[in-house]
Amino acid sequence: MGAELFDVPRSQDKQMTSQREQIHPLDLDGCGIVYIHKRMNEFELKQGGVAHRFDTWPDHVRIDIQREIDGWIARNPNAAIKAITMGVNDGACTLALHWRPK
């Protein structure tokens, strides 16, 4: 079975409750969040091609963020990562780990 896409415009606020019910498998209630930020250099900003997907981020950004993730996991062996969110804004790449105790 393929993936399902639910796209609810913000203008349809009444349906947001329904949309949140669709993501219940993530179960993010009560999760802590760890944010990892890494700035891009000016040349990378001018080149473009950087999107919200981790694999489009510059190599040094991905390597540094992966190092931070690995370190955080090593320091927190009793944490279960429930989701990962990421984005790019104003020349910075941000990845967030949503976690809770195992």
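The values are calculated or read from the model by the stated rules, or taken from the named source; none is laboratory data. Being a predicted model, the structure only gives us computed values, none of them experimental. Every residue, glycine as well, gets a Cβ built from its backbone with ideal geometry; the counts of neighbours run over all protein chains shown. Quick note on the areas: whole protein, heavy atoms, side chains included, nothing else; ligands and nucleic acids left out. Shrake-Rupley method; radii C 1.70, N 1.55, O 1.52, S 1.80 Å.
Worth pointing out:
- Estimated from the Cβ-Cβ distance and a Förster radius of 22 angstrom, the FRET efficiency linking Ala83 and His60 is about 0.30.
- Accessible surface calculations at 1.4 Å, restricted to protein heavy atoms, place the range 55-102 at 58 Å² per residue.
- Percent of Cα-Cα distances greater than 13 Å, calculated over the range 35-92: 64 percent
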